[in-house]
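Values quoted throughout were computed directly from the atomic coordinates according to the rules given, and no laboratory measurement underlies them. Computed from a predicted structure; not experimentally measured. Neighbour counts are summed over all protein chains in view; Cβ atoms, including those assigned to glycine, are modelled from backbone coordinates with ideal geometry.
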Amino acid sequence: MPKKTTMSDIAAKLGISTVTVSKALSGQKGVSEEMRQKIIALAEKTGYQKSFGVKQSENYKIGVLIGSRYLGNIDSFYGHMYQIFSVKAAKVGAFTMLEVLSVEDEENLVYPKIIGDGNVDAIVIMGTLSEKYLAMLDEKLETPTFYMDFTDRQHKKDSVISGSFYGAHLLTNYLIDKGHRDIGYVGTLLATPSITDRYLGYTRALMEHGIKVNDAWVLNDRDENNQVLDIEKNVKWPKGKIPTAFVCNCDLTASRFIGYLKNKGIRVPEDVSVVGYDDFVFANNTDVGITTYKVDMDEMAKRILKKILKNLRGEQYRRGVSIVDGYLIERDSVRSI
């Protein structure tokens with residue numbers, strides 16, 4: 001049986017990207033009429049048939065952009081997320097290319113060097129970047145762009161996020177069910193969308209039980225620009241009465257906060273209970289296992305890849321934000337009171 005012609009075959013013969021072929025065959029903008037006619041003519045000549053709902057290898061190149069501040073540790077959350085995404089992309093014939101954006105390049109609005117227009121067919125940004133940098137990309141970048149683990153109302157890109165609001169709501173209710181009513185939160189509000197969403201889930205749970213938020217118990221874990229996570233530098237320890245439990249915005253914060261409490265002579269969970277979010281490696285890097293909310297990175301990678309492929313193939317799909325639920329992981333950092 002002769003090999004079926006793919007969009008990659010047409011792109012290779014004309015010396016163009018598969019994205020251009022996809023746009024031309026699906027009637028999208030961004031292709032000159034002359035080039036569109038060449039693509040259509042070659043597709044007809046070679047017997048190209050568009051398939052619907054059938055997986056096929058198109059040899060797409062997908063660029064992934066991650067801020068360097070998220071990759072400070074070799075076992076970083078986003079490093080692991082990239083590995084999962086890369087493996088899944090390879091299984092459908094797509095090649096991934098990672099570019100790490102330095103703090104300086106982000107501040108100075110330096111355009112991505114490796115994954116600029118024409119080098120890849122699609123771009124995935126893992127972890128939020130500054131509003132100014134996202135706006136610069138939005139203005140200059142013509143390549144289809146997707147967000148993973150964050151969303152931004154200004155740019156309205158297809159995004160896949162974890163259920164931050166509901167996860168923190170579940171964790172806070174878990175603490176309340178364990179008898180806690182004096183509950184604090186650790187995370188710098190507005191530093192990232194996920195930190196803020198998790199704070200809102202925490203506040204809703206308190207409100208539903210008639211508990212008021214004590215602003216003195218909402219502690220920063222990083223600077224407002226989300227550059228460096230530094231508990232010692234940013235936490236302003238409350239005077240007087242302290243909470244019996246804290247909801248931390250992520251496991252890395254939780255693990256470092258437990259160390260911070262230990263240095264103050266406060267034991268977890270005997271004196272204070274702590275919960276995290278992510279269920280990543282940091283949950284096992286402390287003297288006590290951290291109760292947390294597991295992020296389903298595998299499902300997140302599946303969904304963003306599905307959006308990318310449908311976009312590049314010119315197929316219809318549900319655009320916008322997709323929320324992936326997780327679930328509670330109970331360990332030893334919480335006690336009943």
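In whole angstrom, the chain maps to an equivalent ellipsoid with semi-axes of 45, 19, 16, each derived as √(5λ) from the alpha carbon gyration tensor and ordered largest first.
Annotation for D298 and A216: the two label points, set 7 Å from Cα along the Cα-Cβ direction, are 4.6 nm apart. The Rg/Rh ratio of the stretch 229-285, with Rg taken over Cα atoms and Rh as the Kirkwood radius over Cα pairs, comes to 0.94. Taking the number of Cβ atoms within 10 Å of each Cβ as an exposure proxy, the fewest-first ranking of H155, H169 is H155, H169. In the stretch 164-295, the C-alpha radius of gyration followed by the widest Cα-Cα span (Dmax) gives 13.2, 36 angstrom.
Set against the 2.2 N^0.38 Å expectation for a compact globular protein, the stretch 78-135 has a Cα radius of gyration ratio of 1.22.
Shown is the FRET efficiency for K264 and E107, computed with R0 = 41 Å from the Cβ-Cβ distance and rounded to the nearest 0.05: 0.75.
Taking all Cα-Cα distances within the stretch 7-46, those exceeding 17 Å account for 11%.
Take the Cα of K132, step 7 Å toward its Cβ, do the same at R204, and the gap between the two points is 3.4 nm. Remark: the D287-R335 segment gains 15.8 nm on full extension, using 0.36 nm per residue and subtracting the alpha carbon distance. Taken along the Cα-to-beta-carbon direction at a fixed 7 Å, the label points for E33 and L189 span 5.6 nm. On the basis of the beta-carbon distance and an R0 of 30 Å, K13 and R153 show a calculated FRET efficiency of 0.15.
Computed per residue of the chain from DSSP H runs no shorter than four, each worth -39500 (n - 2.57), the mean residue ellipticity at 222 nm is -11000 deg cm²/dmol.
As a calculated quantity, the FRET efficiency between V321 and K239 at R0 = 45 Å, using C-beta atoms, amounts to about 0.65.
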